[in-house]
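Only one structure is covered here, and it is reproduced in the block below.
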Amino acid sequence: MQFKHTTLGLAVFASLFGTSAAFAQDDIETISVIGARQPIELSRLSASVSVIDRAEIENSGAISLSDLLRGLPGVSISQDGVKGSQTQVRLRGSEANHVLVLVDGVEINNLNDGAVNFAHVNLDNVEQIELLRGPQSALWGSGAVGGVLAITTRQGTQQTKGGARVEVGEDSSAKVAANVSGAANAFTYALSASHFSTAGQNISAQGNERDGYRNNELSAKLTWNISEYSKLLTQIRHQDTYNEFDGSDQNTGLPADADYYSDSLASSGMIEWHYQPVDSIWQQRIGFHFNKNEIVTVDSFGGENNSNRQKWFWQNDFNYANDSRASLAVEHVEEEFNQKGTAFSAAYDPNQHQENDITSLVADIAHKASDSLSLNASVRHDNSDNFDNALSYRAGASFLFWQSAKLYASLGKAVKNPTFIERFGFYPGSFVGNPSLIPEESKSLELGIELPIFSDWHTGVNLFHSKLKNEIDGNAELPNYVYTAVNKDTKSNQDGIEWSLSGSLADLSIDLSYSYLDASEEVNQTANQPPKEQIEVRRARHQANLTLNYGFWENKANIYVQANYQGTRVDNFFSPIDYKSVPVSLSAATIVNASLTFRPDQHWTFALRAENLFDHDYEEVVGYQRQGRTAYLSAGYQF
């Protein structure tokens, strides 16, 4: 089976050896759900996109989203420990909270820090994953600086179907998942539930205490087809996670065994009405989205953070010419943040309630100038209660030539509002927020080319350059070793190349990619000296991935192997003596995951898989051990 990794490349003549693009065979491969305000063909996008379908998810056997994202070009992942530990994704050298994540169109980024813990995003109910690189704030709002990740869950169809799966593994790991979908009269529905738990392994290199993890998730989706031109869509997702973590040794500054844990509840959902008159160039959508997060942390300080985001929108779409379309939308967002904890004094009281409202106007156009040339443009104006008005934009063009080859270019500006933690957060004796922060701004340029080579082999390459200003630094020192957040008066730059190649040899599918990243930030020195360049932390300069998928025994059996190389990277170690950061180097690592799947008939599936097959010792955050070799065995039934 051919992989669906699709990287739309950049213009370099050496691209004859370039970016992977599994050219589409069906709708799920050819249509982007986030490249414009309306679904649009990938061939018309002036952007770099990767798509992973359900078949690859099942062949990989991966538990969490981060396991699959490691194989995509331009993605840097850092996990501070084992299963369930905080997992950050940096796209093209951007910050960890510069990737916007949508589940069925609903933003799930936590308002507290603006990020997503990718270790918590499991894959049991996921139908498709789409990663759109580059600045996308004009389309989707604050936070879409490095790109947007769209997750589409299982859809209801006229045919009733479902299944269940049980998996057991080392470290007392167990997983149970079930789903069912179908239709009843004018309604279609999809329901799913999953549970994963493990005793875990030790995060700290000292001691032998295990750090466990639990993840429970429920999801429901219902569509009411009111008439041939009107329908109502609803979706809700609820997740309950619990993960244990270690503290810090006051003598070494490194992780040490401790009975700390974090308990989180996350809920998101939406209700939308879609109206599309027959034989009309106009259609509209009206909807409401919500995203709530509650996090209770039990450590030496303790505390609780709650956030709630609600969005109302009205969008009008116009198909004004053959394959050309425009969208106009108005959005209103209300954000709330609550923090609870022990008040040490009137000046250092973490208990607070904060709010922010944002009203936005959005315009997007995808114009087909000819059979070969497509033009894309989008613009957004944000009016916020707490910040100055912000303008973000993106414009690009794509040109098709020579047997579906594509050349494209784009430029854009994105914004990221300060998070509530950065503005109002409080951690006794270590951090105090700064309410005077202003939004970060990033401008980016991208060029790409995508080429068919022969048969079903495809290649491409893309180049990008981004510059970030007003970057928020959460480690600005105050007196008495207390830190705060400030906007830097210097800039950071991200330059890179992403290359990949995909194809097949008989029953063996091959997906190969390489990424080069030069991410640096300017650091002020003493007076009368220009800023010096400093490498950004937790971003490898060199990354590569090889994924092999081999089907045999009349396609009843399948072997999936992913080898991921992360080059040397830099991280900051905070000295326990003066609490100042010291740059340290983290060694390069090649991690191999493998899965063997057997499907004796259309109903049963059995699988054996191993993570970190060769039991490589490595760290992605200084001092935090990553998961050692772990084996799992599963059985599933579908109807």
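How would you classify the stretch 140-237 from its alpha-carbon gyration tensor, with a ≥ b ≥ c the square roots of the eigenvalues: rounded for a/c under 1.5, else prolate if a/b is greater than b/c, otherwise oblate?
Oblate, because a/c is 1.5 or more while a/b does not exceed b/c.
Do you know the relative contact order of the chain, to the nearest whole percent, from alpha carbon pairs under 8 angstrom that are 6+ apart?
15
Give the relative contact order (percent, whole number) for the stretch 480-639; include only Cα pairs under 8 Å separated by 6+ residues.
So the answer I get is 14 percent.
Out of these labelled values of mean projected area of the Cα convex hull in nm², (i) 33.8; (ii) 44.7; (iii) 27.7, which was calculated from the coordinates shown here?
(iii)
Ranked highest first by average number of other Cβ atoms within 10 Å, how do 204-216, 536-548, 150-162 line up?
536-548, 204-216, 150-162
Which of the peptides 466-479, 34-47 is most tightly packed, and how do the rest follow, judged by the mean count of other Cβ atoms within 10 Å per residue?
Highest-to-lowest ranking by the protection proxy: 34-47, 466-479.
Based on alpha-carbon centroids, what's the gap between the stretch 29-86 and the stretch 487-524 in Å, whole number please?
15
Hey, what did the stretch 290-344 get for relative contact order, percent, Cα under 8 Å, at least 6 apart?
Relative contact order comes out at 35 percent.
Return the aspartates and glutamates within reach of Lys491: Cα separation strictly under 15 angstrom, same-chain partners fewer than 8 residues apart disregarded; answer none if there are no such residues.
Qualifying aspartates and glutamates at Cα under 15 Å: Glu95, Glu440, Glu441, Glu471, Asp473, Asp518, Glu521, Glu522, Glu533, Glu536.
Share of the stretch 186-341's accessible area from carbon and sulfur, percent, 1.4 Å?
55
For the chain, what is the calculated [θ] at 222 nm in deg cm²/dmol (nearest 500), taking -39500 (n - 2.57) for each run of four or more DSSP H residues and dividing by its residue count?
For the chain, the value works out to -1000 deg cm²/dmol.
With all protein chains present and a 1.4 Å probe, how do Ile203, Ile271, Ile577 order by accessible area, largest first?
Largest to smallest exposure gives the sequence Ile577, Ile271, Ile203.
If we sort 556-564, 91-99 on the protection proxy, mean other Cβ atoms within 10 Å, highest first, what's the order?
Sorting 556-564, 91-99 by mean packing, highest first, produces 91-99, 556-564.
Could you report the chain's accessible area per residue, 1.4 Å probe, as an integer in Å²?
42
What does the extension gain come out to for Lys580 and Gln155, with contour length at 0.36 nm per residue minus their alpha carbon separation?
147.9 nm
Measuring from centroid to centroid over Cα atoms, what is the spacing of the stretch 380-423 and the stretch 252-313 in Å?
The stretch 380-423 and the stretch 252-313 have Cα centres separated by 22 Å.
Ignoring ligands, DNA and RNA, what percent of the accessible area of the stretch 416-562 is carbon or sulfur (1.4 Å)?
Answer for the stretch 416-562 is 58 percent, counting heavy atoms of protein chains only.
Summarise the accessible area of the stretch 116-185 (1.4 Å probe, protein heavy atoms) by the percent that is carbon and sulfur.
54
For the stretch 492-546, what is the Kirkwood estimate of the hydrodynamic radius, computed as the reciprocal of the mean inverse distance between distinct Cα atoms, to one decimal in Å?
Over the stretch 492-546, the inverse of the mean reciprocal pair distance is 13.8 Å.
The values are calculated or read from the model by the stated rules, or taken from the named source; none is laboratory data. Note that the structure is predicted; figures quoted are calculated from it, not measured. For neighbour counting, all protein chains shown are included, and Cβ atoms are generated from backbone atoms with ideal geometry for every residue, glycine included. The protein model used for the area step is the full one, side chains on, heavy atoms only, and it has no ligands, DNA or RNA in it. Shrake-Rupley method; radii C 1.70, N 1.55, O 1.52, S 1.80 Å.
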